[in-house]
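The structure appears right after this line, and notes come after that.
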Amino acid sequence: MNAAARQGFESIWGKPVPVAQGRDSIEIIQGVESGTIQGILAVGSDAVGEMKNTFFDLPVFSVLIDTVFPKEPPYPDVVLPGASFAESDGTYTNCERRIQQVRRAISPPAGKQNWEIISALSTSLGYPMNYRKVSDMYREIIGLLPFYRIGKNGKTTEGIARWPRSKNRKFRFERSLARTNPNDLQHYQVLEALESLA
């Protein structure tokens, strides 16, 4: 994240945004072992990745927000009833960069959508999230990330947009192709192969 983008987030959130990249599952375990991580919040059982529910065997306080109770131990310390996509308002972004608007079809059995649960937890931990409705969060998102706007200029009949958007639906980079992050490529031996294809 560049400095200007970081300043935008910090001005709205009122808190500094970490410069360091987030941790993967192995680094989370290392953080637990070193004592720098003292709790885990997972939203959906798929959030813990390949670790599955063994993540909840770590010696820290753990909370899971999900629509189903874990099938087998180890169990988290607390399981909060989450809402499915059919019980939620908002947007989903998939691997094709499609931003799809979803509207709640039925009310969540527990009475709260996931964002309401996370907001309540955050507020109780000392960082108030004063969102009253989904549109409050959506306005914040498109203020910081304009390509998330699903409106007259980007909306299709299905309520789907794709980023980055342009008139010819191509990337705004050289040769209209996506630009790979060079930092990611350093982990793989593919640089020479990519150069030969260029």
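The values are calculated or read from the model by the stated rules, or taken from the named source; none is laboratory data. What you see is a predicted model; the values in this text were computed from it and never measured. So basically every Cβ, Gly included, is an ideal-geometry build from the backbone, and we count neighbours across all protein chains shown.
Taking the conditions (1) under 27 Å from TYR148 (Cα atoms); (2) touching an Asp or Glu at 6+ places or on another chain (Cβ under 6 Å) in turn, VAL102 satisfies each one other than (2).
When the stretch 10-35 is examined, which residues are found to be of a type in the set (Phe, Trp, Tyr) and in contact with a Leu (Cβ under 6 Å, 6 or more places away or on another chain)? Show your work before the answer.
Restricting attention to the stretch 10-35, the residues satisfying the condition of being of a type in the set (Phe, Trp, Tyr) are 13.
The answer is none; no residue qualifies.
Of VAL68, VAL32, all but one fail to be of a type in the set (Val, Ile, Thr), under 28 Å from PHE9 (Cα atoms) and out of contact with any Phe, Trp or Tyr (no Cβ under 6 Å at 6 or more places or on another chain); the exception is VAL32.
Just to be sure before I move on: is ILE40 closer than 30 Å to TYR148 by Cα, touching a residue at least 40 places away in the same chain (Cβ under 8 Å) and either hydrophobic (A, V, I, L, M, F, W, C) or in contact with a helix residue (DSSP H, G or I) (Cβ under 7 Å, 6 or more places away or on another chain) (or both) in the structure I sent? In short, no.
Against the test of being of a type outside the set (Ser, Thr, Tyr) and loosely packed, with under 12 Cβ neighbours inside 10 Å, the options GLY111, GLY90, GLY82 yield a single qualifying residue, GLY111. Of ARG97, ARG6, ARG23, all but one fail to be basic (Lys, Arg), modelled with pLDDT under 90 and in contact with a Gly (Cβ under 9 Å, 6 or more places away or on another chain); the exception is ARG23. Considering only the stretch 54-63, I want to know if a residue exists there that is closer than 20 Å to ILE141 by Cβ and at pLDDT 90 or above. Scanning the stretch 54-63, I find no residue that is closer than 20 Å to ILE141 by Cβ and at pLDDT 90 or above, so the answer is no.
Answer with yes or no whether GLN7 is under 21 Å from MET129 (Cβ atoms) and either touching a residue at least 12 places away in the same chain (Cβ under 8 Å) or buried (at least 16 other Cβ atoms within 10 Å of the Cβ) (or both). Taking the combined requirement at face value, the residue does not satisfy it. Among the residues of the stretch 1-34, the ones that are within 24 Å of THR54 (Cβ to Cβ), out of contact with any helix residue (DSSP H, G or I) (no Cβ under 7 Å at 6 or more places or on another chain) and part of a helix (DSSP H, G or I) come to 9 in all.
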